[in-house]
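*Asks:* Handing you this structure, nothing more for now.
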Amino acid sequence: MDWQWLIGRLDLSYLPHEPVTMGAAIGMPLTLVAIAAALTYFKKWGYLWREWITTVDAKRIGIMYGSVAIIMLMRGVFDALMIRSQTALGGPGGSQLFSTDTYQQVFTSHGVIMIFFVAMGLMFALFNIAVPLMIGTRDVAFPFLNAVSFWLFFAGMILVNGSLIFGGFSIGGWLGYPPLTELQYSPGPGVDYWIWSLQIAGIGSLLSGINFFVTILKHRAPGMTFMRMPIFVWSVLVTTVLIMIAFPMLTASLALLSLDRLMGMHFFTSMGGGNPMMYINLIWAWGHPEVYILVMPAFGIFSEIVATFSRKRLFGYKTMVIALVAIMFFSFIVWQHHFFTMGAGADVNAFFGIMTMIIAIPTGVKLFNWLFTMYRGRITFASPMVWFMCFAVTFTIGGVTGVLMAVPAIDFQVHNTLFLVAHFHNVIIGGVVFGYLAAITYWFPKMFGFRLHEGFGKAAAYFWQVGFLLAFMPLYALGLMGAVRRLDNYSDPAWIPFFIVSAVGVVFVGAGIACQVLQIAYSVWKRKELHVTGDPWGGRTLEWSVPSPAPFYNYAIIPKVNRVDEWWYQKEEGVKAPKDSEYKDIVMPKNTSFGFIIGMTAFVLSGALIWHIWWLVILTFIAVVAMIIMRTMDDFTEYTIPAAEVMKMDKEARA
Amino acid sequence: MLVACTIVALVILGYLLTRGAHFDVLQPAGQVAKSQKSLLIFAFGIMMLVVIPVFIMLILFAWKYRAGNDKKVDYRPEWSEHKLLEAVWWGIPILIILVLGITAWVTAHTLDPYRKIDSKAAPVNVQVVALEWKWLFIYPDLGVASVNELPVPVNTPIHFTISADAPMSAFWVPALGSQIYAMNGMSSQLNLIADRTGTFPGYNTNINGEGYAKMKFNVYAKSDKDFSSWIASARKSPNMMDEQMLQKISKPGTMSETAYMLMDNGLYDKVVMKYMKGTMSDKDSTGTSTQHDMSNMEGM
Amino acid sequence: MSKALEMIAKRDKAQLGFWLYLMTDCMLFTSLFATYMILRNSTNGGAGGSELFSMGFVLIETLILLTSSYVCGLANLAIHNGRKKEFVMYLGATIALGIAFLTMELTEFGKLIAEGNGPQASAFLSAFFTLVGTHGLHITIGLVWAAVLIWALYRQGRQEDILRKFGLFAVFWHFLDIVWIFIFTIVYVMGVK
């Protein structure tokens, strides 16, 4: 009897064969087993289920996003180390540390992990941790949807890492251009892993975009008009608009490619009339807004940090808002600059190039506004402010090379070279990573009740900054020497010293991350000494008015807002303790396991699609639909805390 | 102190590294690349007008307004608006972008890969086919073909028409100028010229599979005499480039430089037609001209 | 906050959230329309719209879908006036018309596939089947949703809840109608020329 239909195209030959991938395939499950053993020994399964896996509390969800992102950062930097070790040794007379096939999988997964699981993960971590608190509310508009978004993100993460154990990953780069990613040139499961991990995580992102947009519109504290919101909240608002418009285009691109691969259609194939250029347009119409999605919250964070640590009002609030909206608008009409060299003609190229350059104007304005917030301030260089200084230098350099490449005729000479690779790492590390790392240090005390150790924090910033320069400035030079991207070997010996310096840079970045891991471990150990009040930095915005760690209901009494930086001015006027009569009943959403189960079912569904196990596809699809219907029929998703209990908890927390 | 030492160390390292290096893009051998280099320097220089003052202000403000210094300077926590300053830092960037924008527009046209190069010399036509993982060069008017070696006469415009039978690739000779994508079923165009004799490396800039890194070729800019003698020896080569040989070399794998006698002038069109068929309806499946430039193709 | 105000706030949020979701769905359809328009002439030497589309057939499909929207509007009036039996009748009619539409569409697809003009035959057909098929998939989801609404009503669901949920369904159903008008125009009318 033919039982092949039961397991699709699963086959033992898909197990890894190379030392490094075999090591990962053994190491990852072993680590999971060790964690499970520890959980069992310390009897923490119940705690994990009740407090984390079934939670709908945005703060907890944010911490989970952040934890996954940081672990994925370590994997991503390890990928980078592998890449740079190979290139340092890949010159003439050198050796091939990894097979080309593995190398191509590594740089593909490096890009995917860094963008989708580190950057997006940290971004959603910060949205969840900071936005509800900053607008004076208890949770997001749709807490259940929030949980679903996280578990879909988690499912995507398992897919990327699971591919290491079984099947291998795509070799087509993080955006997977056809026809390379079509069946004709990539028949194996790697590209399918890539498609579905992005697709599932992407749906989670889209739902979060809607969630936070509605939250900001509908959940602001009374009196908080749009022009009294913290600038970080503005940056989130603008980002969610970008997410809602851009992500459906990613969904469409990936869906059409998967139809080509699963059902033999001809959207982007070479035969049958397909048009790979259509894919490139669609995916970059998403891809460009995506990088602004990542960087704008970082801009918002630095607005908060510079004002707070300069103990001064942010310069030009209105202009900052206008700049954010302008950047948002322009980020939709520049996508073609990612393929000036595809031959669209001078008029089209010039139009998109000019639109791209225009974005530099509002971005520059923001930088000036930050500088003049520092002007006549009283600046303390705690680590968030150190990160800002690193950002200001690094991101500016990246911006310069960006405007250079926006000139189509220049781009013709640097496109797809290491010059390009240096540019985008320049802006992403300088802008996104430095911003999000600063934010973690800034808001960590609010979540956990103690500060992170400053010494380790500053050391980390130093290693990251030096590491970045060592790792990427040589790449600008290499690009101008003719070195293209994604090479694992080359024949010009003059390139070797540059690649070696770059490899040293990655080691420095690794040292920076080691400092951060040590920082967390040490701070947890010394948390009694590092214990803080609700307002460790002398903050300006509402979140610093609640105790640290923030109670699960955020605000015992919803605050009233009269101006920007409400908390700062309340402190100046004298904070009044609340009257007993002000406490009211609070309605909170109940925990639920459905978020987790839907996420895990989506994971199984993806696996079934990748391995062509059709009966499982149908089963899991019906299961997801059924669970959604069941959830909508659930009338009892909330519970009430009586006012007296709220008052008791609040008084204890403030004691 | 640590920061200052680090900066000095990095600058020294940068100098040592770049001292002996050769930068194809910055030491161009052709008119197109020369124009692109000037453009790069101009754009970079104009941006420094803003960037350098910004860096100075950053260090200055960080130092002057640090908390330890507050007895010597003014602390004005509410000061957050200044119309004149804002006018300056909106105005100057707008002016700079205006200049750069006009430059970008003009050079997008003058340095358009499709634009023919002004020269007294008659252009040499080369048809390029990106294969897995090698480059096929066909000289249709000269009766020769070659793989991975691209001899050209110096001071003569070379007019490339480029296609592929491979995942999306890109043709690039940094010393001579612009790159452009090579795509199945499409025909792109590029015009370059070498100003001096020499050997200039060429690369594929778009990942197209396992042999991607080995997909290198060399441009040999020769005097007219040397170029003619290469043509002559290729015509006498025992290697024949016809449809059969094309099938053979289209199989995935790398190759070393080889010259051929060209037996079939229509090979390039056959490669393009192989994939272009699918984009046509049954009404226009016959009779296509040999010059297919991008304006005929469905574009964005 | 009083119970009534809470319900209004909840409905407000749900409406805003759902409208935003519809805008993202709009972006998805826009991507599919753009792809269709680029690929519409890539028939791989095979048949194009003028050979394959039957305007009479499509006209009937359109009338069925438009009628179902009208009937859905009648259901909306009914539930707002508390007339439950009438509501179920009209919503049932909406579902029936939706099923009729889907049946016609599936018949059209089946015929094309049997003739060798399935989505694997050319880029044009891939784009056609995917664009029209995605719309059909949304219609299917709508029909399941409407059926669940009727079931929820019989489970003694709260009036305000049903009002809110049906309100969202009605917007969804009308949205699909609008998408169909675009498909009718861009795919069929322009394709037959």
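Read the figures in this text as sums done on the coordinates, not as results from a lab. All values reported here derive from a predicted model rather than from experimental measurement. Using ideal geometry, Cβ is built from the backbone for each residue, glycine included, and neighbour counts are taken over all protein chains shown.
*Asks:* Which of A:GLY574, A:GLY202, A:VAL148 sits closest to the plus end of the dipole of chain A, meaning its Cα is farthest towards the positive end, when Lys and Arg get +1 and Asp and Glu get -1 on the C-beta?
*Replies:* Going by the Cα projections, it comes out as A:GLY574.
*Asks:* While we're on this one: Under a crude label model (7 Å from the Cα following the beta-carbon direction), how far is A:ILE71 from A:VAL33 in nanometres?
*Replies:* Label-label distance for A:ILE71 and A:VAL33, simple model: 1.7 nm.
*Asks:* Lysines within cross-link reach of B:LYS222: Cα-Cα under 28 Å, excluding same-chain residues under 8 positions apart?
*Replies:* Partners within reach: B:LYS34, B:LYS37, B:LYS116, B:LYS120, B:LYS134, B:LYS214, B:LYS236.
*Asks:* Kindly identify segment A:1-118 as rounded, prolate or oblate by the Cα gyration tensor criterion: order the square roots of the eigenvalues as a ≥ b ≥ c, call it rounded if a/c is under 1.5, otherwise compare a/b with b/c, prolate if a/b is larger, else oblate. Provide the component values of the computation, followed by the final result.
*Replies:* Working: a/c = 2.21, a/b = 1.41, b/c = 1.57.
In terms of gyration-tensor shape, oblate.
*Asks:* If each residue's Cβ is checked for other Cβ atoms within 10 Å, how do B:ASP118, B:ASP112 rank with the fewest at the top? It would help to have the intermediate numbers written out before the result.
*Replies:* Values: B:ASP118 8, B:ASP112 22.
The fewest-first ordering by Cβ neighbours comes to B:ASP118, B:ASP112.
*Asks:* Zone of C:GLN159 (label point 7 Å along Cα→Cβ, backbone N under 13 Å): which residues in segment C:51-84?
*Replies:* C:79-84
*Asks:* May I pose another question? Separation of segment B:1-51 and segment A:571-612 by C-alpha centroid, Å?
*Replies:* 51 Å
*Asks:* If you don't mind, another one. Just tell me how shielded A:499-506 is by partners: mean number of partner chain Cβ atoms within 10 Å of each residue's Cβ, no decimals.
*Replies:* Values: counts 0, 1, 4, 0, 0, 1, 0, 0.
Mean number of neighbouring Cβ atoms from other chains: 1.
*Asks:* Now for a separate question. How well do other chains shield peptide C:29-40, expressed as the mean number of their Cβ atoms within 10 Å of each residue Cβ? Don't skip to the answer; put the middle values down first.
*Replies:* On the way: counts 2, 5, 13, 5, 0, 7, 10, 0, 1, 9, 9, 2.
Across C:29-40, the average partner-chain Cβ count within 10 Å equals 5.
*Asks:* Moving on to the next point. Pairing the Cα long axis of helix B:224-235 with the longest principal axis of chain B, what angle in degrees results, from 0 to 90 and rounded to the nearest 10?
*Replies:* 50 degrees
*Asks:* May I pose another question? If one computes the Cα centroid of segment A:198-267 and of segment C:55-132, what distance in Å separates the two points?
*Replies:* Using only Cα atoms, the two centres lie 29 Å from each other.
*Asks:* Once you list every other residue whose beta carbon is under 10 Å from the beta carbon of A:LYS446, what net charge do they have if Lys and Arg are +1 and Asp and Glu are -1? Working shown, then result.
*Replies:* Values: positive: A:LYS59; negative: A:ASP535, A:GLU543.
Here the charged neighbours net out to -1.
*Asks:* Determine which aspartates and glutamates satisfy two conditions relative to A:LYS366: a Cα distance under 13 Å, and not lying fewer than 8 residues away in the same chain.
*Replies:* A:GLU304, B:GLU86
*Asks:* Separate question: How would you rank A:SER99, A:SER13, A:SER502, going from fewest to most other Cβ atoms within 10 Å of each one's own Cβ?
*Replies:* Numbers: A:SER99 15, A:SER13 7, A:SER502 24.
By the 10 Å Cβ count, ascending: A:SER13, A:SER99, A:SER502.
*Asks:* For the protein assembly as shown, build the charge dipole from Cβ charges (+1 Lys, Arg; -1 Asp, Glu) around the Cα centre, then report which of A:MET405, A:LEU314, A:VAL236 sits farthest towards its positive end.
*Replies:* Toward the positive end, the furthest listed residue is A:LEU314.
*Asks:* How high is the relative contact order of segment B:124-275? Use alpha-carbon pairs under 8 Å, at least six apart in sequence, and give a whole percent. Present the calculation step by step, with values, prior to reporting the outcome.
*Replies:* Values: 381 pairs, mean separation 46.0, N = 152.
Relative contact order here is 30 percent.
*Asks:* Something else now. Which of the DSSP-defined H helices in chain A satisfy a minimum axial length of 30 Å, computed from C-alpha atoms, and a minimum mean Kyte-Doolittle hydropathy of 0.5? Mind dumping the intermediate values first?
*Replies:* Working: long enough: A:19-41 (32 Å, 1.57); A:58-89 (46 Å, 0.96); A:143-165 (34 Å, 1.63); A:190-218 (42 Å, 1.08); A:231-263 (47 Å, 1.89); A:276-309 (49 Å, 1.09); A:383-406 (33 Å, 1.61); A:454-480 (39 Å, 1.03); A:496-525 (43 Å, 1.86).
TM-like helix candidates: A:19-41, A:58-89, A:143-165, A:190-218, A:231-263, A:276-309, A:383-406, A:454-480, A:496-525.
*Asks:* Still on this structure: For A:LYS59, go through the lysines and keep the ones whose alpha-carbon is under 18 Å away, minus same-chain ones fewer than eight residues off.
*Replies:* Cα-Cα hits under 18 Å: A:LYS446, A:LYS590.
*Asks:* Moving on. For the protein assembly as shown, with the dipole built from +1 on Lys and Arg beta-carbon atoms and -1 on Asp and Glu ones, taken about the Cα centre, which of B:THR279, A:GLY467, A:ALA25 lies farthest toward the positive end?
*Replies:* My answer, from the dipole projection, is A:GLY467.
*Asks:* Oh, and also: Report, to the nearest 10°, how far helix B:31-64 tilts away from the longest principal axis of the Cα atoms in chain B, using its own Cα long axis and a range of 0 to 90°.
*Replies:* So the helix axis and the longest Cα principal axis differ by about 20 degrees.
*Asks:* Run the dipole for segment B:174-291 about the Cα centre, Lys and Arg Cβ at +1, Asp and Glu Cβ at -1, nothing else charged, and hand back the magnitude in debye, nearest 20.
*Replies:* For this selection, approximately 220 debye.
*Asks:* Also, I was wondering about something else. Given contacts defined as C-alpha pairs under 8 Å and at least six residues apart, what's the relative contact order of chain A, whole-number percent?
*Replies:* Values: 1017 pairs, mean separation 119.6, N = 655.
Result for chain A is 18 percent.
*Asks:* Test of understanding: ordering B:ILE56, A:ILE613, A:ILE158 by Cβ neighbours within 10 Å, fewest first, what list do you get?
*Replies:* Values: B:ILE56 10, A:ILE613 20, A:ILE158 16.
Placing the least packed residue first, the sequence is B:ILE56, A:ILE158, A:ILE613.
*Asks:* Using helices alone, what [θ] at 222 nm do you get for chain A, with -39,500 (n - 2.57) per DSSP H run of 4 or more residues, divided over all residues and rounded to the nearest 500?
*Replies:* On the way: 23 runs with 421 residues, N = 655.
Using -39500 (n - 2.57) per qualifying helix, the result is -22000 deg cm²/dmol.
*Asks:* Let me know the charge dipole size of segment A:479-576 about its Cα centre in debye, to the nearest 20, where only the beta-carbon of Lys, Arg (+1) and Asp, Glu (-1) is charged. Intermediate values should be presented prior to the final figure.
*Replies:* Values: 10 positive and 9 negative charges, 45 e Å.
Using Cβ point charges on Lys, Arg, Asp and Glu, segment A:479-576 gives about 220 debye.
*Asks:* Measure nothing but the geometry: give the 0 to 90° angle between the long axis through the Cα atoms of B:2-19 and the longest principal axis through the Cα atoms of chain B, rounded to 10°.
*Replies:* Approximately 30 degrees, to the nearest 10.
*Asks:* Something else: Answer rounded, prolate or oblate for the protein assembly as shown, using the Cα gyration tensor with square roots of eigenvalues a ≥ b ≥ c: rounded when a/c is under 1.5, else prolate when a/b is larger than b/c, else oblate.
*Replies:* Details: a/c = 1.82, a/b = 1.20, b/c = 1.51.
Because a/c hits 1.5 or more and a/b fails to exceed b/c, the protein assembly as shown counts as oblate.
*Asks:* May I pose another question? Roughly how far apart, in whole Å, are the Cα centres of segment B:225-250 and segment A:455-493?
*Replies:* After rounding, the separation between the Cα centres reads 42 Å.
*Asks:* By the scheme Lys and Arg +1, Asp and Glu -1, what is the net charge of all other residues having a beta-carbon under 15 Å from that of A:TYR522?
*Replies:* On the way: positive: A:ARG451, A:LYS458, A:LYS526, A:ARG527, A:LYS528; negative: A:GLU454, A:GLU529.
Summing Lys/Arg as +1 and Asp/Glu as -1 gives +3.
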